[in-house]
């Protein structure tokens, strides 16, 4: 396959010409490969609603565990805290603070509602535990998302490291 054929195919596929040329230059080993521009960055899909739905489902599932008794309430809250930490790391890599915070509040609200439905007498206690856990996970997760390295920052660091070698 020639460079001209490859360029024609990428044009037909809707791939940015500058990105194609940069990839070709990188493959051919040219020292003057162009720096990536904003036009080369592929926009990410908006997954906010999907993330909120998944977070709500996880919250409801863990909240239903608490219906079996208060002994399972603490592990359920701990499980949702671990899930929130996982989501914070995932959002950190994509730098999607709003998506993380929305999913986090939906998850904690869902665990509260489903737990309160089964344990009606203990609603103030459930609200206190869930509120504290939500505040802590929002704060810690928010810091991770804000100050943690994104995928593009990690890729840039690897690229610089490879160029030094």
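None of the figures in this text is laboratory data; all of them are computed from the coordinates on show. Fair warning: this is a prediction, and the values are worked out from it, not measured in the lab. Quick reminder, even Gly has a Cβ in these numbers, built from the backbone with ideal geometry, and neighbours come from all protein chains shown.
Miscellaneous remarks
- Treating each Cα of the range 48-147 as an identical point scatterer and summing with the Debye formula, the log10 of I(q)/I(0) at q = 0.11, 0.14, 0.16, 0.19 Å⁻¹ comes to -0.29, -0.46, -0.59, -0.79.
- Residue-span extension gain [residue 147 to residue 49] - 0.36 nm each, minus C-alpha spacing: 32.9 nm
- Alpha-carbon spread of the range 66-117, three principal axes, descending order, Å: 38, 17, 8
- Computed label-point distance, nm, for sites residue 24 and residue 72 using a 7 Å Cα→Cβ extension: 6.1 nm
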